[in-house]
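**Student:** Sharing a structure below in structure tokens format, with a few things to ask.
Any read-out appearing in this document is the output of simple, stated calculations on the displayed coordinates, not a laboratory observation. As the structure is a prediction and not an experimental result, all values here were calculated from the model. Quick reminder, even Gly has a Cβ in these numbers, built from the backbone with ideal geometry, and neighbours come from all protein chains shown.
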Amino acid sequence: MTNNKEPAIGWSREQMAQRVALDIADGSYVNLGIGIPELVAQFVPPGREFIYHTENGLLGMGPAPSAAHLDPELINAGKKPVTANPGAAYFHHADSFVMIRGGHIDICVLGALQVSQFGDLANWSTGAADAIPAVGGAMDLVAGVKTIYVMTTHTTSDGQPKLVPQCSYPLTGKSVVDRIYTDLAIIEISEQGFVVSELAPGVGFDYVQSKTGAPLIRESN
Amino acid sequence: MTNNKEPAIGWSREQMAQRVALDIADGSYVNLGIGIPELVAQFVPPGREFIYHTENGLLGMGPAPSAAHLDPELINAGKKPVTANPGAAYFHHADSFVMIRGGHIDICVLGALQVSQFGDLANWSTGAADAIPAVGGAMDLVAGVKTIYVMTTHTTSDGQPKLVPQCSYPLTGKSVVDRIYTDLAIIEISEQGFVVSELAPGVGFDYVQSKTGAPLIRESN
Amino acid sequence: MINKVVGGPTEAVADIFEGATVMIGGFGEAGSPIELIHALIDLGPRQLTVINNNTGSGHVGLAALIANGQVAKMICSYPRTLNSTVFPELYLQKKIELELVPQGTLAERIRAGGAGIPAFYTRTSINTPLAHGKEVRRFGGYDYVMEFGLQADFALVKCRVADIHGNLIYNKTARNFAPIMCTAARCTIAQTQQIVPLGGIDPENVVTPGIFVKRVVEVPAPLLESKLVSEGKHYP
Amino acid sequence: MINKVVGGPTEAVADIFEGATVMIGGFGEAGSPIELIHALIDLGPRQLTVINNNTGSGHVGLAALIANGQVAKMICSYPRTLNSTVFPELYLQKKIELELVPQGTLAERIRAGGAGIPAFYTRTSINTPLAHGKEVRRFGGYDYVMEFGLQADFALVKCRVADIHGNLIYNKTARNFAPIMCTAARCTIAQTQQIVPLGGIDPENVVTPGIFVKRVVEVPAPLLESKLVSEGKHYP
């Protein structure tokens, strides 16, 4: 049942994004973090409609434009060109963060450097002395959005666990993450710690545990 | 020089309004309280332009409309129909009070029940047990607007002083009034108390003092 | 797919419950969602806390809701206006509670409630009876009063145009409290004179983005409170 | 009579003084008032505190202002972006100060500064290093951090259309920080692609009412920061 081989196993980034999208209810207001989370928009299940918020001041964000329709003043939080869907609205930054801080956004999908077993998130700084600290809207999002999903590779590029007993990097927020989608598993944050709710095809519980820095709990059936 | 007779002497309400208007600089953003202060808009000196703010959500308020152009959804803070001048803007209540609380309005002209010699204003409640307390935007205006002018009859309808050593009615704000325009005189608030800067034609200093509840100071020339 | 349009005022307000806190847009009659208020009277929940700048006039709209005994407490800045007799009478009989809040503080408290700000400081009301019992704190040499954010279970607002996502635009000074109330209520219900297709409102001109609105109901020709009052109408 | 239009960027920024606090609109290049910033470089005042979400890119606009040694301190949320090298180098050499503020807190602090709110509470940054040294207070069972309003001597913003009273409308997501910065500065200077007669902007659609704007300067075809950066341009 277990699989301890090292070659590419588990979900691809696209499959992770698809899996996240499946868990978002029709009609949700969604904020997608920069990077991998942006992929989620490509996998909206048939019959569902999500409305995307980008914290720089647009609700109803659409996909990237064709080269002919680029507008350097219509961008997302990652400063990449986007479009506005019918029914969109522009607003200023204070109003945009009313949506975030006021708890009006249903779901935010973010990347992570580390997630602790009790849902602490570190995703803005490694705390290195020579780093330029930059936080953007991450702390506002985890403090205000109703549900926080993290989407991340299960380990760092050099194989270190990103799911840890306690974050060693500076926190973005404490006890803020609800669920983690990795290439290996879907993991809920419970009062007891990490609970594995789903394993990627061909991936065993023990293998995931071996890649995780804190104890995993099998979901009780 | 003094005049102790009781018949109508001093400035009319229109003359008071004209006198106030003379003291407002070109280009000022002005909020006029309900009642007598509204008359000021009729006496803008030639060559000057004032922009009127009404706290229910309009900057660039114009005069009352003709009966044919009444719109029950275009009203002033006194809930009377008004118009919008070219260059006007509508906004919601929180934004409207950003203008007030944030110190962006240059001058507010208000009525008064009482003004103390140190500039305390009482204009929202007599404190009577059977009164329905109602404050509206008066406390916001006196707390936020840069310059507060009071426009009032010098005494109550039964001859009691409205300019007093200390307000007996509940305060709207403490040390907020800059200048008082009455039917008898123009009175500045100084650190020493009431200073008479101008007397209405035919009105003597002693007469004004006799109608005032606190000592008046002659302006030094 | 997202379509927030519901059939009518009755359906729109059907889940407003006894003891609910309800923000109601409008400054006097401008922006008063009178059809939604009348539907709330038909529904009949009692012990409501209502947040509005005033207390209605005559015997229609908000005044009728109060007259019908459904309102336990009003939070407002100016409870007496022309033709306002219902609230004053009940207040003097101590049959209704009043929390009097300066108008700008009321607006800011509602905005704060919608913005996730639990408390803020303002100079408004300092050294007055309305600051009694409130925390006073000094910043930069001046005293300020601490005020709390206000939230509600429901907001009832009136607008001019809406789309099916709940994006709203208003009419002139009828905008007043509506945009901030939409942000501060768990369930915002908007009556609109017109519903347009998606894209019918320029994204640059949206005043209330749809994220703040749960239900939209079309009322093409809303009643005019002042007209009803001058005719001596009572609701119901 | 009121006419806030001035002749050009040079005249518009002429009184910005050494040690001034300057808010500069824009999120990356979207909304960056590049002609006003270049005029500020020409003018040369030093020891500025600049408030902007970022720190510019390449060697034009805000990055050039920093490279020119005029900025003592940046208050921002995200000082590293694509092609941003000027600030990082000076920061690592300890030649420029940084106050890092979460983006939403930055926006709310600017709004508070314009709204006469000296301080407010937010959950953002609680239990993180960015809350260190700040007052924490409990409301309704949750901890919140106290944050202070931010004000400035000047704000420089870019808009799409202005009238002579200083009413402004923006272009898409270039709106970002500009409307709140306009409220929080003693002197707001707006560069606009177009000036229209009074009445040329529908009062329902005004985003920044003229009361918040002191000077308007027309720049019909503003430079595009990303284009200048890709061409390797330096200013001056």
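**Student:** What are the trypsin sites (Lys or Arg not before Pro) within region D:36-113 that DSSP puts in a loop, where the Cβ has at most 10 other Cβ atoms within 10 Å? Don't jump to the answer; show the numbers that get you there.
**Tutor:** Details: sites: D:Arg46, D:Lys73, D:Arg80, D:Lys94, D:Lys95, D:Arg109, D:Arg111; in loops: D:Arg46, D:Arg80, D:Lys94, D:Lys95.
Sites meeting the loop and neighbour criteria: D:Lys94.
**Student:** Given springs between every Cα pair under 10 Å in a Gaussian network model of chain B, which of B:Ile132, B:Ile75, B:Ile36 has the largest fluctuation?
**Tutor:** B:Ile132
**Student:** Estimate the FRET efficiency between B:Lys146 and A:Ser190 by the formula 1/(1 + (r/R0)^6), using the beta-carbon distance for r and 51 Å for R0, to the nearest 0.05.
**Tutor:** Details: r = 56 Å, r/R0 = 1.10.
For R0 = 51 Å, the calculated efficiency reads 0.35.
**Student:** As an exercise, identify the trypsin sites (Lys or Arg not before Pro) in region A:85-167 lying in DSSP coil whose Cβ has no more than 15 other Cβ atoms within 10 Å. Don't skip to the end; give the middle numbers.
**Tutor:** Values: sites: A:Arg101, A:Lys146, A:Lys162; in loops: A:Lys146, A:Lys162.
Loop-located and lightly packed - A:Lys146.
**Student:** Taking the Cα of B:Ser175, stepping 7 Å toward and past its beta carbon, and measuring to each backbone N in region B:117-143: which are under 20 Å?
**Tutor:** Once the point is set 7 Å along Cα→Cβ of B:Ser175, B:117-123, B:139-143 turn out to lie under 20 Å by backbone N, inside region B:117-143.
**Student:** Oh, and also: Treat each spin label as a single point 7 Å out from the Cα along the C-beta direction, and report the B:Asp26 to A:Ala25 distance in nm.
**Tutor:** 6.1 nm
**Student:** Also, quick follow-up: Which distance in nm do the two modelled labels at B:Gln209 and C:Leu223 give, with both placed 7 Å along the Cα-to-Cβ direction?
**Tutor:** My value for the distance between the label points is 6.2 nm.
**Student:** In degrees from 0 to 90, rounded to the nearest 10, what is the angle of the helix B:13-22 Cα long axis to the longest principal axis of chain B?
**Tutor:** 70 degrees
**Student:** Right, another one. If the label for A:Gln15 sits 7 angstrom from Cα along the Cα-to-Cβ line, what are its distances to the same label in every other copy, in nm to one decimal, shortest first?
**Tutor:** Copy-to-copy label distances at A:Gln15, shortest first: 9.2 nm.
**Student:** Quick check on region B:148-221: of the DSSP beta bridges with both residues there, what percent are antiparallel, nearest 5%? Present the calculation step by step, with values, prior to reporting the outcome.
**Tutor:** Values: 10 of 16 bridges.
Roughly 60 percent of the DSSP beta bridges within region B:148-221 come out antiparallel.
**Student:** Now a separate question. What whole number of Å gives the distance from the Cα centroid of region A:110-133 to the Cα centroid of region D:136-163?
**Tutor:** Value for the Cα centre distance between the two parts: 25 Å.
**Student:** Tell me which residues come under 5 Å, amide H to amide H, from B:Asn31 once H is placed; ignore anything under 5 positions away on its chain.
**Tutor:** So B:Asn31 has HN proximity to B:His53, B:Ile107, B:Cys108, B:Val109.
**Student:** Moving on to the next point. Have a look at A:Gly137, A:Gly87, A:Gly33 and tell me which one the Gaussian network model of chain A (Cα, springs below 10 Å) gives the largest fluctuation.
**Tutor:** Ranking A:Gly137, A:Gly87, A:Gly33 by mean-square fluctuation puts A:Gly87 first.
**Student:** If the label for A:Ser197 sits 7 angstrom from Cα along the Cα-to-Cβ line, what are its distances to the same label in every other copy, in nm to one decimal, shortest first?
**Tutor:** So the distances to the same position in the other copies read 6.9 nm.
**Student:** Let me know the whole percent of all Cα-Cα pairs from chain C that are separated by more than 21 Å.
**Tutor:** Working: 15266 of 27730 pairs.
Counting every Cα pair in chain C, those more than 21 Å apart make up 55 percent.
**Student:** Looking at the protein assembly as shown only, what percent of DSSP beta bridges run antiparallel? Nearest 5 please.
**Tutor:** Numbers: 65 of 159 bridges.
Expressed as a percentage, antiparallel bridges in the protein assembly as shown total about 40.
**Student:** Now for a separate question. If you take every residue apart from B:Ser197 with its C-beta less than 12 Å away from the C-beta of B:Ser197, what net charge results, scoring Lys and Arg +1 and Asp and Glu -1? Walk me through the numbers before you get to the answer.
**Tutor:** Details: positive: B:Arg19, B:Arg179, B:Arg218; negative: B:Asp23, B:Asp178, B:Glu188, B:Glu198, B:Glu219.
Taking every other residue near B:Ser197 into account, the sum is -2.
**Student:** Relative contact order (percent) for chain D, with alpha-carbon contacts under 8 angstrom and 6 or more residues of separation?
**Tutor:** Details: 575 pairs, mean separation 58.0, N = 236.
Once divided by the residue count of chain D, the mean separation gives 25 percent.
**Student:** Counting only C-alpha contacts under 8 Å and six or more residues apart, can you give the relative contact order of region D:1-59 as a whole percent?
**Tutor:** Relative CO of region D:1-59 lands at 43 percent.
**Student:** Starting from a label point 7 Å past Cα on the Cβ side, list the distances from C:Gly200 to the same position in the other copies, nm, shortest first.
**Tutor:** Those label-point separations list as 3.1 nm.
**Student:** Further question on the same structure: Roughly how far apart, in whole Å, are the Cα centres of region A:168-184 and region D:77-125?
**Tutor:** Value for the Cα centre distance between the two parts: 24 Å.
**Student:** Give me the lysines in straight-line cross-link reach of B:Lys211: C-alpha distance below 17 Å, same-chain residues under 8 apart excluded.
**Tutor:** Leaving aside lysines fewer than 8 places away in the same chain, those within reach of B:Lys211 are B:Lys5, B:Lys162.
**Student:** Restricting attention to region C:62-137, which GluC sites (Glu not before Pro) occupy a DSSP loop and are surrounded by at most 15 other Cβ atoms within 10 Å?
**Tutor:** Values: sites: C:Glu89, C:Glu97, C:Glu99, C:Glu108, C:Glu135; in loops: C:Glu135.
When the GluC sites (Glu not before Pro) of region C:62-137 are filtered for loop state and at most 15 Cβ neighbours within 10 Å, C:Glu135 remain.
**Student:** How much length is gained on full extension from B:Ser197 to B:Arg218, taking 0.36 nm per residue of separation minus their Cα-Cα distance? Before the final figure, lay out the partial values.
**Tutor:** Working: separation 21, 0.36 × 21 = 7.56 nm, distance 0.74 nm.
Extra length available between B:Ser197 and B:Arg218 comes to 6.8 nm.
**Student:** Which one of C:Glu11, C:Glu29, C:Glu218 has the biggest mean-square fluctuation once chain C is modelled by GNM with Cα springs under 10 Å?
**Tutor:** C:Glu11
**Student:** What number, in percent, do you get for the relative contact order of chain B if the mean sequence gap of Cα pairs under 8 Å and at least 6 apart is divided by its residue count? Don't jump to the answer; show the numbers that get you there.
**Tutor:** On the way: 469 pairs, mean separation 45.1, N = 221.
20 percent.
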